[in-house]
């Protein structure tokens, strides 16, 4: 069930109303049942994968808890008996057991994800390679299903398990409660990826109907729908048409399309997150922030701290730090200090971590070379900017550039947006040759022999007008958000003003949105 | 304390480490700085800072970093 389907418009009001009608003691049970109903509505088979991830995570966390308890009791019972070395040995044995448990379950779950997502990609590349060397060896191409949201709930589950392993909190004792944490319906399909210590207790606590939560939640949902159906889906018409035959368009038109796609993907993904966050808020549950006006970032690193925030922090906590601060990462730093310039050497552990994180980020987005290159592209940009930072600072000092000057800040924002648009070409193109073809046309400002107008397909002049107007509203809202909380400001206005805004937004979603009740346009991040 | 500040200044001379109490929360130190600092602490103080100790609470101020280093030295 997608947020923009008719089914959801029937499901959500019913689920939200019943949530407040069931006895508070059973609210979390109701939330679990409705979340599984929401998820399995698309395909019953998906349930097998979700339940197996939930079960393995639950039992592994329990086992980790048992080892920790054993360690505590043993050390307590032998206090004064154990020497320092014996106590250390006890801790080391327990740590090794815990490491084995967590490694087995992390490998199993990421193994399932990798098999379903990447096996056919691997087969295709292996078969291509075998054919090119005239070998008869080949791997089969399997008919695999990819459960919706598998990347999101697997990451959420493994984050929980690693936190239990690290001793951040004790394991959840109730399997049904863990099942709810991993399946909460607003976030299971596209995130935000929740943390157990932030989200779980909110799901299990009783909630009374709160007028402000309901009002702000519905406002946010409406804003999310506006972004999705008025902006993203309309932009999608243009982008899909252009990318289906990009050779027919000039470099300038392709550059415009790249900008339109950047707007589309932001409106699409952040629109989904707004709907999810608003739906959760209606029930009194606060989800983690996933976007913070990313296109106002001054550097690419900052962009990734403000775009898909929960994925970035997941990679930082569970991959970047463990890799960079592993023995391999630290030894690389020591090796660098002996053989390279100090400025370069000090960055080597981080470079090691970043390289793997960005390769994984590319792969996380999909099983295709253009996604891998997308990840590598950002990895290179961030590593290069880190290495060149001292040089840039020297140049800026020489040129007397003041970091707080408006013009300089504007230049940096524009530069970052340009680099991000280039990255999104790699992301949007169906394959690598198309991505490079589009980039070549843009940089050479090429002109096809027979030109095609951007307004020559399903994207009409009226669509262009609505797109420009709605994007203008999005930009204005983003600028205003810097200075005020818009929802609270709106709440202070008179009833007439508030309802005028609500009605205009609702009517624009209904009448200006690219809606189809039979075949709603999918959210871009559903495929991940 | 002074030794810690000296190390920190190597990486970020622009930050007033003596007076800042919310280095992570205010976004003054990012994850790349943390990795460089931790790797320097490891070799300078001959300790191993485990990943689970990389929390904002342990790196928000010089005092917090000092306490972390002392605790890890005691546990070693």
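Laboratory data are not the source of any read-out in this text; all were calculated from the coordinates shown. All values reported here derive from a predicted model rather than from experimental measurement. So basically every Cβ, Gly included, is an ideal-geometry build from the backbone, and we count neighbours across all protein chains shown.
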- How many partner chain Cβ atoms sit within 10 Å of a residue's Cβ in peptide A:320-330, on average, as a whole number? 5
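Is the shape of the stretch A:119-198 best called rounded, prolate or oblate, per the rule: a/c under 1.5 gives rounded, else a/b larger than b/c gives prolate, else oblate, with a ≥ b ≥ c the square roots of the Cα gyration tensor eigenvalues?
Prolate is the answer for the stretch A:119-198, as a/c is 1.5 or above and a/b outweighs b/c.
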- Query: 222 nm [θ] for chain A, helices only, -39500 (n - 2.57) per DSSP H run of 4+, per residue, to 500?
  - Reply: -23500 deg cm²/dmol
- Query: So how compact is the protein assembly as shown: Cα radius of gyration and Dmax in angstrom?
  - Reply: 26.0, 88
- Message: Placing one identical point scatterer on every Cα of chain B and ignoring solvent, what is log10 I(q)/I(0) from the Debye formula at q = 0.13 Å⁻¹?
- Response: -0.32
- Using the number of other C-beta atoms within 10 angstrom as an exposure proxy, rank A:233, A:368 with the fewest first. A:368, A:233
- Shielding score for A:353-363, defined as the mean number of other chain Cβ atoms within 10 Å: 1
- Gain in length, residue A:252 to residue A:392, computed as 0.36 nm per residue apart minus the alpha-carbon separation, to one decimal in nm? 47.4 nm
- Message: Let me make sure I get this right: for the stretch A:297-428, a, b and c are the square roots of the gyration tensor eigenvalues over alpha carbons, sorted descending. Under 1.5 in a/c it's rounded, otherwise prolate if a/b > b/c, else oblate. Which is it?
- Response: oblate
- Item | Hull-based mean projected area of the stretch A:374-420, where the convex hull spans the alpha carbons, in square nanometres | 3.5
- Query: In degrees from 0 to 90, rounded to the nearest 10, what is the angle of the helix B:2-11 Cα long axis to the longest principal axis of chain B?
  - Reply: 60
- Item | Shielding of B:35-46 by partner chains, average beta-carbon count, 10 Å | 5
- Volume in Å³ per residue [convex hull over Cα atoms, computed for the stretch A:27-206]: 143
- Query: Would you list A:428, A:398, A:286, B:12 from fewest to most Cβ contacts within 10 Å?
  - Reply: A:398, A:286, B:12, A:428
- Percent relative contact order of the stretch A:113-209, based on C-alpha pairs within less than 8 angstrom and at least six residues apart? 26
- For the stretch A:432-513, rounded, prolate or oblate, judged on the Cα gyration tensor with a ≥ b ≥ c (square roots of eigenvalues), a/c < 1.5 rounded, else prolate if a/b > b/c? prolate
- Query: How high is the relative contact order of the stretch A:27-206, in percent, counting Cα pairs under 8 Å that sit 6 or more residues apart?
  - Reply: 38
- Query: Fewest first, what order do A:134, A:365 take by the number of other Cβ atoms within 10 Å?
  - Reply: A:134, A:365
- Here FRET efficiency (C-beta to C-beta, residue A:475 to residue A:432, R₀ 30 Å, nearest 0.05) is 0.40
- Query: Along its principal axes, what span do the Cα atoms of the stretch A:175-283 show, with the longest given first and each in whole Å?
  - Reply: 57, 31, 16
- Query: Pulled fully out, how much extra length does the chain show between residue A:460 and residue A:401, if you take 0.36 nm times their separation in residues and subtract their Cα-Cα distance?
  - Reply: 16.8 nm
- Sorted by mean Cβ packing within 10 Å, highest first, what order do the peptides A:413-424, A:57-68, A:256-267 take? A:256-267, A:57-68, A:413-424
- Which whole-number percent is the relative contact order of the stretch A:32-121 (Cα, under 8 Å, 6+ apart)? 31
